Structures are given as structure tokens and as C-alpha cells.
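**Q** This is the structure I want to talk about, given as C-alpha cells.
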């Protein structure tokens, strides 16, 4: 099998696997968005086949997921299931580990066919393993930013519901139905937990742990203190919401002021890659030793690591903690 054909087959398999798991996650989210009485029941044969597939995945990957979860709990870290919940994924830990394993093996095989057993083989395998984790953390950050940006208006809606005479549980239900995602998704989980018998205090505490937002933590503390000591909760939520909106407004203004520094860091980071591509396009013979010699791959790895490290430092210097 020729090198280009092997790469094409490997990349096609990797893309197909990613599309499968993304669509699986999307289908589960769409099913959860509707009530059970609206959903048409699946034929028994389809339900059985899907259950058998998930059972087969769990039978292979669940022991590994359990070991990793126990290790993270002992270290005081979040489990993989909690990380997936923070990102809004509906995949199980076993399915995510299977995705990592298949991508790692697939890209490693592509590297073995194309470049032989060497640095490229290891780098592609590592990329396949780390890619889902990087995307997971990226989606967590994006989801947290979206949640924080909607929290001020959510508190206003919650306060207005309390002012009209609704109880706290009913007001949370209104948030779950009227707010936009991801706020509505997270509060829908709170409503589900309450309906299953969990107390409001425990359901809100689980929400704080799942979202990991300092602003939300502040809100939940205020709600829990109100339930113990009493007071005007609607007024408290109005004050907190106004404070959050003012802080976000200040943060947006400071982000505008530091936009030049962040753009410069991205430009400087991509410049070596662009120059390498131009050099390889203009004089392939001059640049080819970097790709055919193991020492060249080592130098590329070191240079890439230094570029990433420099980019992180520049972005940290331009970051705004508000």
C-alpha cells in the first residue's frame, strides 16, 4: 500500500469515527430536549441493537474508566464523567476512552505506514490521543464563558419569577424552559434532580461543581443562606446580577485594550509554521532533511514546544482576570 493511499485511508477512518461520536452526542442531546411523551418509541430491535453496542463498549472500556476515576478521586481531581458533564457531552466515559484509543491507533498506523517506526509514528499517535482531550477542555472553556455571559440575565429572570409569587423550585423550572443554552441545559438537570427526590440545596451544589463558575458559586451561596436565614431573595439576586453584568462589561473593555497583544502572540506563533511551509514549497531539497532525518523531527518538536510555550507566556501576560 502506497504512502498517500495509507494516509487517505487512515484520515478517512479517523474522520468517520469523529463524525460518529459527534452525531451520537448530538442525537442524545436532541432526545433529551423533548419530553418522553412526545418522543416516538424506538422499535424493540433498534433499541436492543443500540443497547448491545453500548454494553459491548462498556464491557471493554468500563474497567479502565473505573480505574482512572478512582485515581482522580484519590487525588481530589474531577473524574472523566464530570469533565464530560462540564463540557455538555452526552458521551459516557467508556465511549470517550474508546474514541481516544481508536484515534490514537489510527493515526499511529498512518505514521507507521508513511514514515516508518520513528518520531512521526509517536507524534501522530500522541496527537490522536491528546486531540479529544484538547477539544474537551476547549469546549469546557467555551461553555463556561457562555454560561457566565448569560448568568446576569438569568438572575434577572429568576428574580422576576420570585417577585411574581413563584417558589424557588418553580422559578428554577422557568429558567430551564425560558433561558438559552447552556444555562437552560444545566438548570434542566437541576429540575430533573429535584423531581427525582434530590433537595434543592444538593441539586444546586451539584450544579456549582458541574459548571465550575465562581459567579455561580456566589449565587448559590446566597440562595442557600437565604433558605436558612430568610430575607428578600429577589433583591439579593438583582444586586448580584447587576454586579456580574458590570464586571463582565469591564472585562470586555479590558479585552479590547489587550486585543493587540493577543493578536501579536498568535501572529508570532504562526510565523515559523508559515515560513517552514514556504521554504518547503520553494526549495524542497533544502528542507527535506528536516522531515527525513530523526534529528530533524527532534528539532521540529523542540521548536514547536518553544513556540507553544512562548505563546502561552504572551497570552498569560495579556490575560485579564476580572
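**Q** Mind telling me which of the residues 236, 302 ends up being at pLDDT 85 or above, part of a helix (DSSP H, G or I) and within 30 Å of residue 199 (Cβ to Cβ)?
**A** Every option except 236 fails the conditions.
**Q** I've got another one for you. Please state which of the following conditions residue 90 fails to meet, knowing it meets all the rest: (1) assigned to a helix (DSSP H, G or I); (2) surrounded by fewer than 21 Cβ atoms within 10 Å (Cβ to Cβ); (3) in contact (Cβ under 8 Å) with a residue 60 or more places away in the chain.
**A** With respect to (1) assigned to a helix (DSSP H, G or I); (2) surrounded by fewer than 21 Cβ atoms within 10 Å (Cβ to Cβ); (3) in contact (Cβ under 8 Å) with a residue 60 or more places away in the chain, residue 90 is out only on (1).
**Q** For the stretch 194-236, how many residues meet the condition of being within 26 Å of residue 84 (Cβ to Cβ), touching a residue at least 60 places away in the same chain (Cβ under 8 Å) and either touching a helix residue (DSSP H, G or I) at 6+ places or on another chain (Cβ under 7 Å) or surrounded by 16 or more Cβ atoms within 10 Å (Cβ to Cβ) (or both)?
**A** Residues that pass the stated criteria total 7.
**Q** Quickly run through the stretch 184-193 and pick out the residues that are surrounded by fewer than 18 Cβ atoms within 10 Å (Cβ to Cβ) and in contact (Cβ under 8 Å) with a residue 24 or more places away in the chain.
**A** 185
**Q** Moving on to the next point. Is there a residue being buried (at least 16 other Cβ atoms within 10 Å of the Cβ) and within 22 Å of the chain's Cα centre (by Cα) anywhere in the stretch 155-177?
**A** yes
**Q** Quick check on this structure: which one of 116, 111, 88 is at positive phi, more than 13 Å from the chain's Cα centre (by Cα) and at pLDDT below 85?
**A** 116
The values are calculated or read from the model by the stated rules, or taken from the named source; none is laboratory data. Note that this is a predicted model, so its numbers are computed, not measured. Here the Cβ is made from the backbone with ideal geometry for all residues, glycine too, and neighbour counts use every protein chain on show.
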